[in-house]
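Here the structure is laid out as structure tokens; the discussion comes afterwards.
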Amino acid sequence: MCGIAGLFVPDGRTGDIARTAAAMGDTLAHRGPDDGDVWADPQAGIALAHRRLAVVDLSPAGRQPMHSGNGRYVICYNGEVYNHAEMRAELEARGHRFRGQSDTETMLAGIEAWGLYATLSRLVGMFAFALWDREARALTLVRDRLGIKPLYWSLQGGQLIFGSELKALRAVPGFDDRRDPGAVLGYLRLNCIGGDRTIYAAARKLLPGQVLTIGPGGAPELSTFWRLADVVAAARADPFQGSEAEAETLLHDTLIDAVGCRMLADVPLGAFLSGGIDSSTVVALMQAQSPRPVKTFSIGFDSPGFNEADHARAVAAHLGTDHTEVTVTEAEARDVIPLLPAIYDEPFADSSQIPTYLVSKIARAHVTVALSGDGGDELFAGYSRHVAAERYARTLFAQPKALRRLEAGAIRMLPPAAWTALARALPASRRPAQAGLKAYKLAGVLEGGPEDLYRRLVSHWDDPGAIVRPEAVEPAAVWGQDWSGLLPDPVERMQFMDTLGYLPDDILTKVDRASMAVALEARVPLLDHRVVALSWRLPKAMKLGGGQGKAILRRVLHRYVPRELVGRPKMGFGVPLGAWLRGPLRDWAGDLLSDAAFARSDIFAPEPIRQKWQEHLSGRRDWEYLLWDVLMYQAWDAAQRQAAPARLSA
């Protein structure tokens, strides 16, 4: 796992490109603290920088940027290819001789032998890389299928610049840092900046499965080597036809391989364990293949409603792992907040960013690589919205629209805080988290219909244009496309949209930045593309059953862990934001929501935000998530201005 950066100046106006690339790489030292190097060809106008976190082949033979055996290619690569040993054996049979043991060298040899796209189709792993072709004088940027590893780029002043994080781009002299108000609209809706947009109007993200190539002509061309829509279409053409028991065995065997290949490393390795379905499955399959106890890590909080440590401890004890649990105080969790603007590099407001960073920091004290359970909800219908969509399709939307409007009005007769209070009367096993927020989202769904369900369930600010001052157009959202022809079932459409948007833009961004901030490599076996393909071949009934998602994944887990240890309702990985904002974070938030702070950022219409702030402080409403979106923008904006006040423009 590493950090990559570089620039390409096709017209030959190079300046000291090696120095610029080195400065870009230096901003990513946290991603690769073990080594750093720069390669440049000033005559061609290309410079590549690499920061190394040594995980496979720790010798100098694994250093980057790396040249291919025939000298044609130079690569700068972030990620891991888990099947490189099998590829290497095939290449050796063709006569290729290797200098070292790294997957980077294997990938280069594959590109030499088979070409770029044929090699990409063979790779099992996560990756983002830059490939320079000396013969064609062309630079190619590639991002992995699911978007596990990030890659940003920008074409400015006749030069293409790129990096693993936006801070690398900002290190380039003259970087155009004007904000994108449209991206802010999308951020306020989703608590992250989605699609190919970034907070900067002139910078873009490479999308999952996307390839960018730029040659001497200086015009970048975008293409794809993998599309989820193609995977779904292939699954529809070849659905799984066996029994549920056969499907369970096939999924188990596919997951065993996906987990097993991700346990290969030349450094200490462990796993995150929350005690939920996904992380418990990953750990169980790790322990089944390990001759010694797997190192597992969890955190507990001194806030009772947000503490999963007991569940993780029980699963760890049953599986016999070498478990590390650290209880974090609320004060220690809040101490992470000032670090967030630098860690995430643009506004990002999924509050589970705080515990994710903390558990990564704890794990890094013991291991260099940690496996994570991310992806199970998207692939196996594990989110509450998937269960809700199935229920609504059979019940609510079968009612006349006039009746649904009356029901929505009845819900809104009580404020969200009252619904949350009423929910406390239910048994813990049946008590919904954030009941007030969910009640109001239900009211919105009742007023609309199935077409509004996904948007309403995933939206924070449902009308972000009401609080963003400049005229702006909200970016096209994943629900803005008609996927009904590909996926007539609303639950499967939600899964599809979650995998296209929420997964790379929120979940994987959160995990990558939190783990790499402490130089920890996080691997996600459930997002092996072979697991993804299998999940789409399975019928929905094997995923959603008995009012629960992930039914078939649970069956795999129950081979190793008793049902009673992992049968609790999904908790999420949260912190008590609402109470913090009314208590210890009140002054901090008040400063960021002040007239002076709004004037400096010059992007928000303050009055609607202040109204929600006052309602939240009074306890009449729970607006913590909407306020957190604004606060994370304001904190990021303040940090950027403090870091480079002369260059920033609102």
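The values are calculated or read from the model by the stated rules, or taken from the named source; none is laboratory data. Computed from a predicted structure; not experimentally measured. Cβ coordinates were reconstructed from backbone atoms using ideal geometry, including for glycine residues, and neighbour counts include every protein chain displayed.
Some values worked out for this structure:
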| read-out | value |
| --- | --- |
| Any pair with Cβ under 9 angstrom, 6 or more apart, that starts in segment 277-299 at a residue that is surrounded by fewer than 24 Cβ atoms within 10 Å (Cβ to Cβ) and ends at one that is basic (Lys, Arg) and in a helix (DSSP H, G or I) | none |
| Test result for Ala381, without any contact (Cβ under 8 Å) to a residue 40 or more places away in the chain and either farther than 28 Å from Ala54 by Cβ or under 19 Å from the mean Cα position of the chain (by Cα) (or both) | no |
| From Trp588, Trp536, residue being under 18 Å from Ala349 (Cβ atoms), of a type outside the set (Ser, Thr, Tyr) and at pLDDT 95 or above | Trp588 |
| Of residues in segment 438-480 being aliphatic (A, V, I, L, M) and closer than 30 Å to Ala599 by Cα, the one surrounded by the fewest Cβ atoms within 10 Å (Cβ to Cβ) | Val473 |
| Residue within segment 60-72 that is over 27 Å from Gly373 (Cα atoms), in contact with a Ser or Thr (Cβ under 7 Å, 6 or more places away or on another chain), in a helix (DSSP H, G or I) and not assigned by TED's automatic domain parsing to the domain that holds Leu264 present | yes |
| Verdict on Arg405 being of a type outside the set (Asp, Glu) and in contact with an Asp or Glu (Cβ under 8 Å, 6 or more places away or on another chain) | yes |
| Close pairs from segment 396-423: first crowded, with 17+ Cβ neighbours inside 10 Å, partner among the β-branched types (Val, Ile, Thr), Cβ under 8 Å, at least 6 apart | Leu396/Val445; Trp419/Ile411 |
| Unmet requirement for Phe127, which otherwise passes all of (1) buried (at least 23 other Cβ atoms within 10 Å of the Cβ); (2) under 18 Å from Leu212 (Cβ atoms) | (1) |
| Pairs, first over 25 Å from Asp26 (Cβ atoms) in segment 168-183, second aliphatic (A, V, I, L, M), C-beta under 6 Å, six or more apart | Asp180/Ala201; Pro181/Val468; Pro181/Ala472; Gly182/Ala472; Gly182/Val473; Ala183/Ile193; Ala183/Ile199 |
| Subset of segment 545-567 (residues that are under 25 Å from the mean Cα position of the chain (by Cα) and basic (Lys, Arg)) | Lys550, Arg554 |
| Among (1) in a strand (DSSP E or B); (2) more than 16 Å from Ala219 (Cβ to Cβ) - the single one Ile161 does not satisfy | (2) |
| Single unsatisfied condition, Gly157 versus (1) closer than 15 Å to Thr20 by Cα; (2) of a type outside the set (Phe, Trp, Tyr); (3) modelled with pLDDT of 95 or more | (3) |
| Matching strands (runs of 3 or more DSSP E) fully within segment 175-292 where at least 2 residues are closer than 30 Å to Asp57 by Cα | 210-214, 269-272 |
| Criterion (under 20 Å from Leu166 (Cα atoms) and either assigned to a loop (DSSP other than H, G, I, E, B) or at pLDDT below 95 (or both)) met by exactly one of Ala349, Ala342 | Ala349 |
| Residue count for segment 633-646, restricted to those that are at pLDDT 60 or above and more than 16 Å from Asp180 (Cβ to Cβ) | 8 |
| Segment 308-329 - residue that is in a helix (DSSP H, G or I) and under 25 Å from the mean Cα position of the chain (by Cα) and, of those, surrounded by the most Cβ atoms within 10 Å (Cβ to Cβ) | Ala312 |
| Unmet requirement for Arg582, which otherwise passes all of (1) surrounded by fewer than 19 Cβ atoms within 10 Å (Cβ to Cβ); (2) at pLDDT below 95 | (2) |
| Residue match in segment 551-561 (condition: more than 30 Å from Leu426 (Cβ to Cβ), of a type in the set (A, V, I, L, M) and assigned to a loop (DSSP other than H, G, I, E, B)) | no |
| Residue count, segment 366-412 (criterion: out of contact with any Leu (no Cβ under 6 Å at 6 or more places or on another chain), assigned to a loop (DSSP other than H, G, I, E, B) and of a type outside the set (Ser, Thr, Tyr)) | 7 |
| Meets criteria (within 17 Å of Ser351 (Cβ to Cβ) and either among the basic types (Lys, Arg) or free of Cβ contacts under 8 Å to residues at least 60 places away in the same chain (or both)) for Leu577 | no |
| Residues satisfying the stated conditions in segment 311-339, i.e. at pLDDT below 95 and among the β-branched types (Val, Ile, Thr) | Val326, Thr327, Val328, Thr329 |
| Conditions (1) at pLDDT 95 or above; (2) within 31 Å of the chain's Cα centre (by Cα): number failed by Gly36 | (1) |
| Residue selected from segment 16-59 under the condition in a loop (DSSP other than H, G, I, E, B) and of a type in the set (A, V, I, L, M), by the criterion surrounded by the fewest Cβ atoms within 10 Å (Cβ to Cβ) | Ala29 |
| Pair list, Cβ < 6 Å and 6+ apart or interchain, from segment 81-92 residues that are under 15 Å from Gly62 (Cβ atoms) to residues that are acidic (Asp, Glu) | Val81/Asp103; His84/Asp103 |
| So Leu207, is it touching a residue at least 60 places away in the same chain (Cβ under 8 Å), within 22 Å of Val524 (Cβ to Cβ), surrounded by fewer than 22 Cβ atoms within 10 Å (Cβ to Cβ) and of a type outside the set (D, E, K, R) | yes |
| Condition check for Phe127: among the aromatic types (Phe, Trp, Tyr) and free of Cβ contacts under 8 Å to residues at least 60 places away in the same chain | yes |
| Tally of residues being on the phi > 0 side of the Ramachandran plot and of a type outside the set (Gly, Ala, Ser) across segment 539-554 | 1 |
| Residue in segment 519-538 that is assigned to a helix (DSSP H, G or I), at negative phi and aromatic (Phe, Trp, Tyr) present | yes |
| Where a residue in segment 615-639 is more than 14 Å from Pro347 (Cβ to Cβ) and its partner, wherever it lies, is of a type in the set (Phe, Trp, Tyr), with Cβ under 9 Å and at least six apart | Glu615/Trp623; His616/Trp623; Trp623/Trp613; Glu624/Trp580 |
| Unique match (being at pLDDT below 95 and farther than 23 Å from Ile343 by Cβ) among Ser649, Ser594, Ser601 | Ser649 |
| Residues satisfying the stated conditions in segment 210-248, i.e. free of Cβ contacts under 8 Å to residues at least 24 places away in the same chain, over 21 Å from Gly147 (Cα atoms) and either of a type in the set (S, T, N, Q) or in contact with a Pro (Cβ under 6 Å, 6 or more places away or on another chain) (or both) | Gln241, Ser243 |
